[in-house]
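The values are calculated or read from the model by the stated rules, or taken from the named source; none is laboratory data. Keep in mind that what you see is a predicted model, and the values were worked out from it rather than measured. Note that each Cβ is placed from the backbone with ideal geometry, even for glycine, and that neighbours are counted across all protein chains shown. The protein model used for the area step is the full one, side chains on, heavy atoms only, and it has no ligands, DNA or RNA in it. Shrake-Rupley method; radii C 1.70, N 1.55, O 1.52, S 1.80 Å.
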Amino acid sequence: MNLKGGVAKTTTTVGLAEMLTSEFKKKVLVIDLDPQTNATLMLIGENKWKDLNEDGYTIATIFEEALDPDEVKFILEKTIQKSVSNISSIKNLDLLPSSLDLMDVQERIAKMATGPFHETNPIEILKKAIRPINYHYDYILIDCPPNLDIITLNGLRISNGYLIPTVPDILSTYGIPQIVKRVKEFARNLDIKLESLGIVVTKYKENSKIHKSTLELLKNESDAPLFDSIFKENNQMANAADFTKYYSTFKEKWGYDSQSQAFYNLAKQIVERYERK
Ligand SMILES: Nc1ncnc2c1ncn2[C@@H]1O[C@H](COP(=O)(O)OP(=O)(O)O)[C@@H](O)[C@H]1O
Ligand SMILES: [Mg+2]
């Protein structure tokens, strides 16, 4: 979650998912909630996505069904894409793909939210839809759009915690206290537990004064803890967005240097947090 675009939310989601499946042997589902479909394109490529989108096998159909249950049927088994990713050694990563149509649906769902009588609670549409498969996964990672609209709230509704990826500059970090505050209120209203897991620094430029000083400020940020895994700005991280390349291992895709180590540390901290019992 971050209200800014371009701060590596999607890159962090996909890399973390691939790390959890490859090095930690977890079964992971990525839910792409962003109509920009970037996580979807990174994991299955454009051609596959176009076919699915034409057939209505995307997350948009979940919400369309809620709006018009007599006309639209969401078919979970056909929509879940099994064993995705362009890293050939990865087998246990599934995806619920997104669609540009989500933009349209978003507005209609938002209106539905204000209507006085409706049998479906608009905050719980996603929750209901994925209930049959919830427990098939060790981790479900949700890539959110840069807003706190109704579709994003559907993602928060089914989450135990959230990460805030951010570039350490003034504008990208500006909204963080507001995100933390609003998510806290949301969780309190619904009486659910939703932890702020922490801030993940992305696209860090070592030679930038502003990045250095913002990083120092973030260390003292009281709203959310700072993960010590820092993702430096780096070409290989940017190239990882290209689905048309094929890799055999995580490190081959994401890099042999600090990037893979940063993903490893981030995944380790999350796993330790949820499996400490
Ligand atoms: N560490 C990095 N170094 C260089 N480029 C990066 C890095 N992380 C992400 N990028 C690139 O930055 C852009 C924005 O990242 P993305 O994950 O799409 O952000 P968001 O989902 O927050 O909009 C993408 O082109 C991505 O490939
Ligand atoms: Mg994104």
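Name the single residue, out of those in segment 34-57 being small (Gly, Ala, Ser) and more than 16 Å from ligand 2 (Cβ to nearest atom), that is most open to solvent (accessible area, probe 1.4 Å). Lay out the reasoning, then the answer.
The first filter runs over segment 34-57 and keeps only residues small (Gly, Ala, Ser), leaving 39, 45, 56.
The next check asks that each one be more than 16 Å from ligand 2 (Cβ to nearest atom); those that pass are 45, 56.
Values: 45: 4, 56: 24 Å².
It comes out as 56.
Conditions (1) crowded, with 19+ Cβ neighbours inside 10 Å; (2) in contact with a Lys or Arg (Cβ under 6 Å, 6 or more places away or on another chain); (3) in a strand (DSSP E or B), marked per residue:
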site: 200; (1), (2), (3): yes, no, yes
site: 242; (1), (2), (3): no, no, no
site: 256; (1), (2), (3): no, no, no
site: 260; (1), (2), (3): yes, yes, no
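Under 6 Å between Cβ atoms, which residue pairs at least 6 apart in sequence (or on different chains) link something in segment 5-17 that is at negative phi and within 6 Å of ligand 1 (Cβ to nearest atom) with a partner that is in a loop (DSSP other than H, G, I, E, B) and open to solvent by 20 Å² or more (accessible area, probe 1.4 Å)?
Partner pairs satisfying both residue conditions: 5/146.
Tell me yes or no: at least one residue of segment 261-272 is acidic (Asp, Glu) and either in contact with a His (Cβ under 6 Å, 6 or more places away or on another chain) or within 17 Å of residue 12 (Cα to Cα) (or both).
no
Could you list, in sequence order, all residues of segment 78-88 that are closer than 20 Å to residue 140 by Cα and in a loop (DSSP other than H, G, I, E, B)?
Hits for segment 78-88 are 80, 82, 83, 84, 85, 86.
Could you list all residues from segment 225-240 that are away from ligand 1 (no atom under 12 Å from the Cβ) and part of a loop (DSSP other than H, G, I, E, B)? Quick ask: steps written out before the conclusion?
Looking only at segment 225-240, we keep the residues that are away from ligand 1 (no atom under 12 Å from the Cβ), and these are 225-228.
Within segment 225-240, just 225 meets the criteria.
Of all residues in segment 23-33, which are away from ligand 1 (no atom under 13 Å from the Cβ) and open to solvent by less than 20 Å² (accessible area, probe 1.4 Å)?
Across segment 23-33, the qualifying residues are 28, 29, 31.
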